[in-house]
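Here the structure comes first, spelled out in structure tokens, and everything after it is commentary.
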Amino acid sequence: GNTPDFEEKGFSDYHLYTMQGTTTLKDNQSKQVRLFAANNVPYGRYYEVAPYSEDVRIVIEMNNKTEDGLGMPFPAGPVKVYQRDETDSGLTFVGEDQIGHTPKDETIRLYIGEAFDLQCERKCLNKRNDRGMRREEWQITLKNHKEEPALIQVLHRILGTADVEKASHAWKRPKAEELMFEVELKPGAVENVDFTVVVDERI
């Protein structure tokens with residue numbers, strides 16, 4: 001089309017976006033001009049429960065890479081997400097998030113609302129201190145009321161000096177103070193994530 005696109009270049013500590021071609025502004029008119037366009041950008045969609053929370057958030061994730069059709073420094077601002085409706089192929093607004101300035105080759109992560117048909121309950125079943133060995137037993141219950149499977153990442157805050165003694169599910173430790181369980185929940189399923197965290201306070 002004849003929509004002008006922008007060319008980006010670094011300048012000092014800034015990014016300049018120079019418009020290719022021209023556009024006309026009438027007196028007192030404001031106009032939205034497309035910064036850049038990309039089609040068929042691969043993305044991931046999953047759900048996340050933040051530490052201390054029981055809210056299940058919807059996450060859309062994209063890599064800001066040239067090979068994925070992006071690879072431009074993104075200016076900070078609101079990002080709106082629309083989904084194509086299969087029945088009338090119109091677009092339905094599904095949510096929005098603010099992003100910070102995002103350099104190329106970084107991940108763009110959008111939190112676009114809560115999944116009301118996924119539920120999470122987090123409870124500490126037991127706490128005990130045995131001569132300086134402090135143990136906490138946790139249970140996180142996940143329920144999927146959707147008609148399709150859901151991939152849920154559950155984050156749990158722990159002390160940097162803590163160890164995981166036993167866990168019902170595989171876990172990762174993205175940061176020293178954070179545990180992450182990734183659970184693929186079948187439609188209609190209820191699943192308990194049980195784990196014990198130990199802190200050696202004798203040190």
**Item:** Condition check for residue 113: out of contact with any Leu (no Cβ under 7 Å at 6 or more places or on another chain) and under 18 Å from residue 197 (Cβ atoms)
**Value:** no
**Complete:** If we ask which residues in segment 46-97 are touching a residue at least 40 places away in the same chain (Cβ under 8 Å) and basic (Lys, Arg), their number turns out to be 2
**Request:** Looking only at segment 52-61, count how many residues are open to solvent by less than 40 Å² (accessible area, probe 1.4 Å) and either farther than 30 Å from residue 157 by Cβ or outside any loop (DSSP other than H, G, I, E, B) (or both).
**Result:** 4
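For residues in segment 62-99 being aliphatic (A, V, I, L, M) and either under 15 Å from residue 45 (Cα atoms) or open to solvent by less than 90 Å² (accessible area, probe 1.4 Å) (or both), which is farthest from the chain's Cα centre (by Cα)? Reasoning before the result, please.
Kept after step one, since they are aliphatic (A, V, I, L, M), are these residues of segment 62-99: 62, 70, 72, 76, 79, 81, 91, 94, 99.
Pick out the ones that are also either under 15 Å from residue 45 (Cα atoms) or open to solvent by less than 90 Å² (accessible area, probe 1.4 Å) (or both) and you get 62, 70, 72, 76, 79, 81, 94, 99.
Details: 62: 10, 70: 18, 72: 20, 76: 17, 79: 13, 81: 13, 94: 15, 99: 11 Å.
Only one residue tops the list, namely 72.
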**Request:** Could you run through segment 100-126 and say how many residues are loosely packed, with under 11 Cβ neighbours inside 10 Å and in contact with an Asp or Glu (Cβ under 8 Å, 6 or more places away or on another chain)?
**Result:** 3
**Asked** What are the residues in segment 15-51 that are surrounded by 13 or more Cβ atoms within 10 Å (Cβ to Cβ), part of a strand (DSSP E or B) and of a type in the set (A, V, I, L, M, F, W, C), if any?
**Response** 19, 49
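Looking only at segment 163-203, which residues are among the charged types (D, E, K, R) and under 21 Å from the mean Cα position of the chain (by Cα)? Write out each step before concluding.
To start, the set of residues in segment 163-203 that are among the charged types (D, E, K, R) comprises 163, 165-166, 172-173, 175, 177-178, 182, 184, 186, 191, 194, 200-202.
Hits for segment 163-203 are 172, 173, 175, 177, 178, 182, 184, 186.
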**Message:** Only one of 199, 183, 193 is surrounded by 15 or more Cβ atoms within 10 Å (Cβ to Cβ), at pLDDT below 95 and either part of a strand (DSSP E or B) or of a type outside the set (Asp, Glu) (or both). Can you tell me which?
**Reply:** 199
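The values are calculated or read from the model by the stated rules, or taken from the named source; none is laboratory data. Bear in mind that the values here come from a model prediction, so they are computed numbers and not experimental data. In this analysis, Cβ positions are derived from the backbone assuming ideal geometry, glycine residues included, and neighbour counts consider all displayed protein chains. Quick note on the areas: whole protein, heavy atoms, side chains included, nothing else; ligands and nucleic acids left out. Shrake-Rupley method; radii C 1.70, N 1.55, O 1.52, S 1.80 Å.
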